[in-house]
Amino acid sequence: MTAAPSTAPYARTAPPPGSAVARVVGATKVHGVGDTAVTALDDVTVAFPAGRFTAIMGPSGSGKSTLLHCVAGLDALTSGEAYIGDTPLSRLSDTQLTLLRRERIGFVFQAFNLVPTLTVRENVTLALDLAGARPDRDWLDTVIGTVGLGDRLHHRPAELSGGQQQRVAVARALASRPQIVFADEPTGNLDSRSGGEILGFMRRAVDELGQTVVMVTHDPLATAWTDAAVFLADGRVVDALDDPTPELVLDRVRTLGG
Amino acid sequence: MRRIALNGLWAHKRRLAGTFLSVFLGVAFLAGTLMLGDTLQRNFERLFGEVTAGTDAVVRSTTRIDDDAGPGQRAPIPASTLARVRAVDGVAAAEPSIEGRGTLIGADGRAVGRDGPPKLAGNWIADPRLNPYRLAEGRAPRTGDEVVVNRGAADDGGLRVGDEATVRTPEPVRVRIVGIATFGSSSGVGATTFTAFSTAGAARHVMKRPDAISSVVVRGEPGLSQAELVARLRPALGSGIEAIAGDRLAAERVDDIDQTFLDGLRTVLVAFAGLALLVGAFTIHNTFAIVAAQRARESALLRAVGATRRQVLGAALTETALLAAVASLAGLVGGIAIASALKAMFDAFGFALPAGGLEVSATSALIAVAAGVVVTLLAGLAPALAASRVPPLAALRDAALEGEEGGASVRQRRSLTALARGARAGGARAGGARAGRSRRRRPLTALVRGATALIAAPLPRLRGTVGTLARRNAIRSPRRTARAASALVVGVTVVTAITVVGFSLQRSLDDSAARSFDGDLAVTGGEFEDASLPPALARELAALPQVATAVGLGSGSARVDGRNGVYANADAAALSRLVDLDLRAGSLDALGRGALAVSADEAEQRGWRVGSPVAVVYPDGARATLRVGAVYGEEGIAGDVLLPRAAWERHAPQSADRTIFVSLAPGVGEAAGKAAVERVAERWGAPETQTRQEYVDAAGDGVRMVLSIVYVLLALAVVIALLGIANTLALATHERTRELGLLRAVGQTRGQLRATVRWEAVVIALLGTTGGIVLGLPIAFLLTRLGDAVGIETFAVPVAQLAIVLVVGGLAGVLAGVRPARRAARLDVLRAIAAE
């Protein structure tokens, strides 16, 4: 599959490459109050450009998941602002945030990504169905074809392997043709072969379907699939790297004391 | 282990709240009904104690006429008895007492008290110490047309001292109200109305003869015991007259009311309380079962670190026992509120019960608490046993809480084995999935799954993804869904059975009325079929030019073949012109004074045939032997025995009609005829005039009223059943935290989440309701077959009412879903998806 024919039909909805699809400005997040207060994010400013696959790296407790949750509208910042496109999230009500997640964001979590009572196909179109929107059949076929699930559409999640479940999750995240996909340790529970498959699908989503993906991971090998990596430590952005290779990443991780 | 039990209770306090509530409500209802019984008993005792407080002895006839509910009606005694009693040594005072019925007509022209309480009339007893009533205003009656009425009746009728009014005894008597009396400090005996004439006035209007009185009330000399007084009175009395001590009289009346009213009421109320507890038991069992399943891992861990099976069982049982004890004791307290509410309900429905504070006997308290504890322990036993059987190995795996697996430990063990087998075969996951598919399906589970799926089938089309999710959630664990719905099934089964039986009875009565009533109009005394219409009314109606025939059907207390009861009386020949009695044998035309008519059922039971002799005691104490003159098939209107009016009139001082049947003269329209009849009836206290259709429709009204009370009582059982559903959903929501978090993350709004939970609740509620209706119908069918004897002739299914039950069931599901839905919607998305 070449990039040109599959990207072309969808390019009109994607923002111009390089502009920020999501960003945070001066993002600070403090958990708890008083003596027990913990600063998870400390004045972070970072942007995630369109059409790129970005990794957020950092050791446990570095704030990488918090950053993802805040920019994805799942959690609220203590101060600073998070934007999806040009929409500042702090001014949105719970319902508005929910609708924003449903229409403009795709999610892949580490585990428990699927609703056990729904079939694969129903899980994939879940966000669309909740919105009462008619799925774009061509796009859906493309997505399902990309992750290779065509023969499992009527299975229940319990009948799939962990790797297959995560593939459904990736398809689900892409199905509504979101502006951005957030993945939180999507390969954390998988063996390396299945993990590689998932990363490959996300890579193709960016290259062939023009999607934007932001992935939190602590795995240097996973980071190697991305276009750029942002390094967090103690709630601050400490480094950034374009076209990371496992060696480069490991090197940075070692320098940062992770 | 005790600490573990305590900690367990505390940790699961929210989940157990529903269980607590069901035990609490069940016990509260049971305690409340028992307390109501205690209270009524005490109040009646107090009441009759007051009535007879100053009376040391009563001289009365030995012949008792009425069966129940009546004020202990006896045959009258000669008025000359009074002089003989007064002559007895040791009698300080003796007064004649005349008791009977009298309906006071209020300022608005309608009967005071309407259809509700007994309406009594009698004489004002001059000696204040022998008279339970006290004059609050005005003075005692002196002439025959002066009366004292009790405060409650005066207030109700808008009557004051100096007003003119009418009292029907049953003939209308114009009276002037000269005084208003209180009963002790209260405005009356419950809602009973009492109109007191002078003794001469009562003899004329109530007893209707000067030479008879109802009884003599006697006060002894100071220092003379009641027993001694009675012993001295006895020799002075003629045959058929007895003397009874005042305290014995009070006890006798309490016994009467116990037998005729309280025992029945208690039985019915306790039956409903028992049902509430039974439904509660299902709810309790359900909750404990789910909690036990959720804690399978915890139990397994305890077992793994060395707790014996017995210790785990002990912990679970201790937890159950603690909950049982606390909830039952709380229920006892709640019972006080229930008792007050029940009393208010009976008042609202027109059964006036004597006032007074709540009374709680130790026995009742003990019964209620013991029942609560035992039911809870029984309901919690199986889940506790299940908890103790969780194998230690279960701690090592991710215990599946839901899904096809019901969560019961036996099943877990089985699936564990399957998992192990699958692992050995290589590929644990595939093996697990296969085990999932091939898992034994019980027929009941399959049935529940099928029924649930069917009920929820329209949901996806109605509500899209929300509907799909709700439907799948309801089906995913059929055992749990079944358990959640089971309590409602029990409740609705009873509702259905009672509704159908009631409807069948109503229909039978209506049908019977429709079949047999050939006239055009009916004038009725009221819902309770109190005979309060003066026979003169029928005569006056018959004289109207618009009326062809008017015939009264009377009723009153008598003894027939040794059995006291309320029996109908009429001029059978005239009655048969308007009411088709379905004559089977003999003739209705010439019963005269010496023959009665009986229903075919009664004749069969007693072995009577035309010509058989039947002993009758009339209200005035006269005895006669009548013969059976006719046997009829239609007992809906006349009942089992129809006494001849000609004889009745001579022996019943207050002979009155219950219903007057009217046929109109040729060419007179129904509306014109009704207007003419109403114009006459207006002057007689405005009894209700019904057209033929209205009369037929009203035949089953009594049933309708009883049904409405039954529904109120059943409502509690249904509320407890709903608690069970709410409970299950709250627990399910807790289990599905991650799933709900995921749904919220990918774009389910709070409203959609709430709707999902709510619709699942509706599906479960509809499953329970449908199950109850399906089970209730055959039960009702059997009951109507058995009910042939009480006049249920048809089996009729009230489709509309059952549809209402179904709709109410569904709406109740919405209600049950409110709290779990709200809790689910409050879920913190981030915490949910991060949850371990």
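The values are calculated or read from the model by the stated rules, or taken from the named source; none is laboratory data. In this text, all values refer to a predicted model and were calculated from it rather than measured experimentally. So basically every Cβ, Gly included, is an ideal-geometry build from the backbone, and we count neighbours across all protein chains shown. Please note that ligands, DNA and RNA were not included when accessible areas were found on the heavy atoms of the full protein model with its side chains. Shrake-Rupley method; radii C 1.70, N 1.55, O 1.52, S 1.80 Å.
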- Mind pulling the angle between the C-alpha long axis of helix B:13-51 and the longest principal axis of chain B? Nearest 10 degrees, somewhere in 0 to 90. 10 degrees
- Can you give the angle from 0 to 90° between the axis of helix A:94-104 and the longest principal axis of chain A, with both taken from C-alpha atoms, to the nearest 10? 60 degrees
- Item | Residue-level accessible surface for A:Phe53, protein heavy atoms, 1.4 Å, Å² | 0 Å²
- Item | Radius of gyration and Dmax over the Cα atoms of region B:452-551, both given in Å | 27.3, 76
- Shape of region B:228-307, Cα gyration tensor, a/c cut at 1.5: prolate
- Query: Given a cut-off of under 8 Å on Cα pairs at least six residues apart, what relative contact order in percent is computed for chain B?
  - Reply: 17 percent
- Alpha-carbon centroid distance for the pair region B:185-216 / region B:627-658, whole angstrom: 26 Å
- Item | Distance-filtered residues of region B:667-685 - backbone nitrogen under 14 Å, label point 7 angstrom along B:Ala543 Cα→Cβ | B:680-681
- Message: Treating the protein assembly as shown as a set of equal point scatterers at the Cα positions, no solvent, please give the Debye-formula log₁₀ I(q)/I(0) at q = 0.05, 0.06 Å⁻¹.
- Response: -0.53, -0.67
- Show B:Ser587, B:Ser599 ordered by accessible area, largest first, where the area counts protein heavy atoms only and the probe is 1.4 Å. B:Ser587, B:Ser599
- Task: For region B:739-759, state which residues have at least 20 Å² less accessible area in the presence of all protein chains than in their chain by itself, taking the probe as 1.4 Å and leaving out ligands, DNA and RNA.
- Result: B:Glu739, B:Leu742, B:Leu743, B:Arg744, B:Ala745, B:Val746, B:Gly747, B:Thr749, B:Arg750, B:Gln752
- Item | Portion, in percent, of the accessible area of the protein assembly as shown that falls on carbon or sulfur, probe 1.4 Å | 56 percent
- How do B:Lys208, B:Lys674, A:Lys64 stack up against each other in accessible area, from largest to smallest, with a 1.4 angstrom probe? B:Lys208, B:Lys674, A:Lys64
- Message: Would you calculate the convex hull of the Cα atoms in region A:182-258 and tell me its volume per residue in Å³?
- Response: 94 Å³
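Show that you can apply the helix-only estimate: for chain A, add -39,500 (n - 2.57) for every DSSP H stretch of four or more residues, divide by all residues, and state [θ] at 222 nm to the nearest 500.
Computed ellipticity for chain A at 222 nm equals -10000 deg cm²/dmol.
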- Task: Among DSSP beta bridges whose residues both lie in the protein assembly as shown, state the antiparallel percentage, nearest 5.
- Result: 75 percent
- With x for Gly and Pro, the residue-by-residue ³J(HN,Hα) of region B:804-810, computed from phi through the Karplus equation 6.51 cos²θ - 1.76 cosθ + 1.60 at θ = phi - 60° and given in whole Hz, is 4, 4, 5, 5, 4, x, x
- Message: Residues of region B:470-490 that become at least 20 Å² less accessible with every protein chain present than in their own chain isolated, using 1.4 Å: which are they?
- Response: B:Arg472, B:Arg476
- Task: Measure nothing fancy, just the Cα-based angle from helix B:409-424's long axis to the longest principal axis of chain B, in degrees from 0 to 90, nearest 10.
- Result: 20 degrees
- Surface accessible to a 1.4 Å probe, per residue, for the residues of chain A, Å²: 42 Å²
- Message: Would any residue of region B:644-675 have its amide N under 13 Å from a label point 7 Å out along Cα→Cβ of B:Gln693? List them or say none.
- Response: B:670-671
- Query: Per-residue ellipticity at 222 nm for chain B, helices alone: DSSP H runs ≥ 4 residues times -39500 (n - 2.57), over residue total, nearest 500 deg cm²/dmol?
  - Reply: -18000 deg cm²/dmol
- Subtract the Cα-Cα distance of B:Thr267 and B:Arg310 from 0.36 nm times their separation in residues, and report this length gain in nm to one decimal. 11.4 nm
- Stokes-Einstein D for chain B (37 °C, 0.692 mPa s, Kirkwood Rh from Cα pairs), in µm²/s, comes to 105 µm²/s
- Message: In region A:120-146, what residues drop by 50 Å² or more of accessible area when the other protein chains are put back, versus the chain on its own? Use 1.4 Å, and skip ligands and nucleic acids.
- Response: A:Leu130
- Item | Gain on full stretching of the segment that runs from B:Arg129 to B:Ala675 - 0.36 nm per residue minus C-alpha separation | 191.6 nm
- Query: Given H placed 1.01 Å from N in the peptide plane, which residues other than close sequence neighbours of B:Ala181 have an amide H under 5 Å from its amide H?
  - Reply: B:Ala136, B:Val149, B:Asn150, B:Arg151
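For chain A, would you read off the P(r) tail past 28 Å as a percentage of all alpha carbon pairs?
31 percent
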- When ligands, DNA and RNA are left out and all protein chains stay put, how many square angstrom of accessible area per residue does region B:526-686 have with a 1.4 Å probe? 40 Å²
- Once you sort the root eigenvalues of the Cα gyration tensor of region B:280-320 as a ≥ b ≥ c, which label holds: rounded (a/c under 1.5), prolate (a/b larger than b/c) or oblate (the other case)? oblate
- Item | Theoretical FRET efficiency, 1/(1+(r/R0)^6), r = Cβ-Cβ of A:Asn189 and B:Ala715, R0 41 Å, to 0.05 | 0.20
- How much accessible area is lost when chains B and A come together, counting both sides, with a 1.4 Å probe, in Å² rounded to the nearest 100? 2300 Å²
- Rounded to the nearest 0.05, FRET efficiency between B:Glu682 and B:Leu811 (Cβ-Cβ, R0 45 Å) equals 0.50
- Task: Working from the alpha-carbon coordinates of region B:526-686, get Rg over Rh, Rh being the Kirkwood radius.
- Result: 0.99
- Query: What is the total of Lys pairs in the protein assembly as shown with C-alpha atoms under 30 Å apart, excluding same-chain pairs fewer than 8 positions apart?
  - Reply: 4
- Message: If you average the alpha carbon positions of region A:68-87 and of region B:314-337, how far apart do those two centres end up, in angstrom?
- Response: 49 Å
